[in-house]
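> Before I ask anything, here is the structure I am working with.
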Amino acid sequence: MGGAVKRRVCLAGALCASLLLAACAPYPVVPTDPALPRSRELVDTPFFPQEQYQCGPAALATVLNSAGAGVSPEQVQPLVYLPGNKGSLQAEMLAAPVHYGYLAVPLPPSLDSLLQELSDGRPVLVLQNLGVAMLPLWHYAVVIGYDLDRQLVYLRSGRDRRKVYDIRRFLKTWSRAGHWALVAVRPGEIPVSATAQAYLQAASALERRQRPQAALQAYRAGTRRWPEQALLWAASGNAAYSLARYAEAEAAYRTALSLQPGKPAIMNNLALALARQDCRQTALEVLACAARAAPANPVIDDTLLEIKAMPPGTGGCRAFDCPVPGVGRRP
Amino acid sequence: MKSSLMKRIVVLLVSVSFFSTYSLPAWSGMVTTDQLLQQSGALDKSALLGMLDREDVRQQLIERGVDPQYAKLRIAALSDAQVEELRGHIDTLPAGSGIVGIMIAVLLVLIILDIVGVTNIFSFINSPAK
């Protein structure tokens, strides 16, 4: 009887010990996407050894060159480096590629997106905190490959052409920087793991830098990938409008409104696109509808003045059904 | 409060010619994509405030050693949300710089952390954890 109890205690002890051991053993890092290849390395990624404090420009030049832009870290430096802070800020790293007509798209903060981009052939610029939370040491590097079987990632980093990281250790330094990552793409190309929102933000930078042609190309690609996103259609309309392609702008705004009926900002822009095509009557109807959705709004009042200053239309324009319930139609 | 408002107004008046080079849409009635992204439902332009914030951040860049010509370019590439992110936080945001040229004292602490295995900065230190 006593022996049996003793044996049970022993068994339980052994079980506990083995559980503890299991908990301590390095558990392999496994991405959730089963379609990812086991390993990939983008060996052709260019390398720019970093000068003092210049990891930002070096990393940015690396991903820009991979995307097709021929720029050097020296050219990028005055666009991102902040001498007083001895470093480069994330917002400016995202904004700078637009000066070369490229998009910088931030990725969802996950290992899966990182590996998906790599397996799709795109090196990923990451922010790492090489220090600890109390004593941060911010560093930009470019991940160029991974090997799940050997649990490694490869980086272009600082003065190392090929820095090899244990994947766990890399993930620690990356998570201390909020898993922040970006990829650079040319207009019309969309990173595989990007969200519609992040992509739209990135593409809008092209429009801001007065590159409507490139912006339109980027938005159009966006509407093909995410046809259900009203804002992408509206943005596409804006870019077409600024290129004086009013019929195209009208069509895009109408699609946006079919997805988000009654949105006053989009109706406001649709009214302008109609007025530019000599459809003043329809334009005024659309604007009246916008005014019903957003009463006494200065933006709509401005638009009304602008449209009234345009020559009256000749008619023959596609009608607009106002989805906003209100106090009856205005003439 | 009042003086800060005055300062803003003066800045606005002085910089009108500068402002005209960015941020204002060429068509006054258009709601720009930036504005579409900012608002969720409400229709509000608030372009004036946006421009003042941009001027603030531009000054901050110049104070931190950026060439004024480039400061102008850099501000023009930022979205309203990014301008907002920088304004007032420019010195607390992470500024990625790398490990080339850090101070000796910091270096020592980091070497110890590296040996213990908390960090992984120096390739010549092999941490025990794996």
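> Across segment B:31-61, what is the total count of residues that are more than 8 Å from chain A (Cβ to nearest Cβ) and modelled with pLDDT of 75 or more?
Of the residues in that region, 11 qualify.
> Ok, one more. If A:Asp120 meets every condition in (1) at pLDDT 95 or above; (2) within 18 Å of A:Asp166 (Cα to Cα) apart from one, which number is that one?
So the condition that A:Asp120 fails would be (2).
Yes/no per residue for (1) over 23 Å from the mean Cα position of the chain (by Cα); (2) free of Cβ contacts under 8 Å to residues at least 60 places away in the same chain:
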site	(1), (2)
A:Thr32	no, no
A:Glu51	yes, yes
A:Ala61	no, yes
A:Gly68	no, no
A:Val76	no, yes
A:Val80	no, yes
A:Pro83	yes, yes
A:Lys86	yes, yes
A:Gln90	no, no
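> Just the residues that are touching a strand residue (DSSP E or B) at 6+ places or on another chain (Cβ under 8 Å), assigned to a helix (DSSP H, G or I), at pLDDT 95 or above and within 13 Å of another protein chain (Cβ to nearest Cβ), please, taken from segment A:63-94.
Of everything in segment A:63-94, those that are touching a strand residue (DSSP E or B) at 6+ places or on another chain (Cβ under 8 Å), assigned to a helix (DSSP H, G or I), at pLDDT 95 or above and within 13 Å of another protein chain (Cβ to nearest Cβ) turn out to be A:Val80, A:Gln90, A:Glu92, A:Met93, A:Leu94.
> Can you tell me which residue in segment A:162-209 is farthest from A:Glu92 (Cα to Cα), limited to those that are more than 12 Å from chain B (Cβ to nearest Cβ) and charged (D, E, K, R)?
Filtering segment A:162-209 for residues that are more than 12 Å from chain B (Cβ to nearest Cβ) and charged (D, E, K, R), the one farthest from A:Glu92 (Cα to Cα) comes out as A:Glu189.
> Residues that are β-branched (Val, Ile, Thr) and in a helix (DSSP H, G or I): does segment A:317-329 have at least one?
The answer is no, given that none of the residues of segment A:317-329 is β-branched (Val, Ile, Thr) and in a helix (DSSP H, G or I).
> Another question, then. Can you find even one residue in segment B:98-109 that is modelled with pLDDT of 75 or more, buried (at least 20 other Cβ atoms within 10 Å of the Cβ) and on the phi < 0 side of the Ramachandran plot?
No, the conditions are met nowhere in segment B:98-109.
> What is the one condition in (1) touching a Gly at 6+ places or on another chain (Cβ under 9 Å); (2) touching a residue at least 60 places away in the same chain (Cβ under 8 Å) that A:Asp120 does not satisfy?
Evaluating A:Asp120 over (1) touching a Gly at 6+ places or on another chain (Cβ under 9 Å); (2) touching a residue at least 60 places away in the same chain (Cβ under 8 Å) leaves (1) as the failure.
> Just for segment A:151-161: of the residues that are crowded, with 22+ Cβ neighbours inside 10 Å and out of contact with any Pro (no Cβ under 9 Å at 6 or more places or on another chain), which one is farthest from the other protein chains (Cβ to nearest Cβ)?
Filtering segment A:151-161 for residues that are crowded, with 22+ Cβ neighbours inside 10 Å and out of contact with any Pro (no Cβ under 9 Å at 6 or more places or on another chain), the one farthest from the other protein chains (Cβ to nearest Cβ) comes out as A:Tyr154.
> Residues of segment B:77-86 being more than 7 Å from every other protein chain (Cβ to nearest Cβ) and at pLDDT below 90, which ones?
B:Asp80, B:Ala81, B:Glu84 - these are the residues of segment B:77-86 that are more than 7 Å from every other protein chain (Cβ to nearest Cβ) and at pLDDT below 90.
> Has segment A:154-167 got at least one residue that is of a type in the set (Asp, Glu) and under 21 Å from A:Ala202 (Cβ atoms)?
Scanning segment A:154-167, I find no residue that is of a type in the set (Asp, Glu) and under 21 Å from A:Ala202 (Cβ atoms), so the answer is no.
> A:Gln128: polar (S, T, N, Q) and either outside any helix (DSSP H, G or I) or on the phi > 0 side of the Ramachandran plot (or both), yes or no?
When the stated conditions are applied, A:Gln128 passes them.
> Please go through segment A:132-150 and pick out each residue that is touching a residue at least 40 places away in the same chain (Cβ under 8 Å) and assigned to a loop (DSSP other than H, G, I, E, B).
A:Val132, A:Ala133, A:Pro136, A:Leu148, A:Asp149, A:Arg150
> Within segment A:240-269, track down each residue that is over 19 Å from A:Ser204 (Cβ atoms) and not hydroxyl-bearing (Ser, Thr, Tyr).
Those that are over 19 Å from A:Ser204 (Cβ atoms) and not hydroxyl-bearing (Ser, Thr, Tyr): A:Ala244, A:Ala247, A:Glu250, A:Ala251, A:Arg254, A:Leu257, A:Pro261, A:Gly262, A:Pro264, A:Met267.
> Can A:Ala296 be described as within 12 Å of chain B (Cβ to nearest Cβ), at pLDDT below 90, over 22 Å from A:Leu231 (Cβ atoms) and surrounded by fewer than 21 Cβ atoms within 10 Å (Cβ to Cβ)?
Criteria met by A:Ala296.
> Let me ask another. Go through segment A:129-150 and give me each residue that's within 21 Å of B:Ile115 (Cβ to Cβ) and either modelled with pLDDT of 95 or more or facing another protein chain (nearest Cβ under 8 Å) (or both).
Residues satisfying the conditions are A:Asn129, A:Leu130, A:Gly131, A:Val132, A:Leu135, A:Pro136, A:Leu137, A:His139.
The values are calculated or read from the model by the stated rules, or taken from the named source; none is laboratory data. Nothing here was measured: the structure is a model prediction, and the numbers come from that model. Neighbour counts are summed over all protein chains in view; Cβ atoms, including those assigned to glycine, are modelled from backbone coordinates with ideal geometry.
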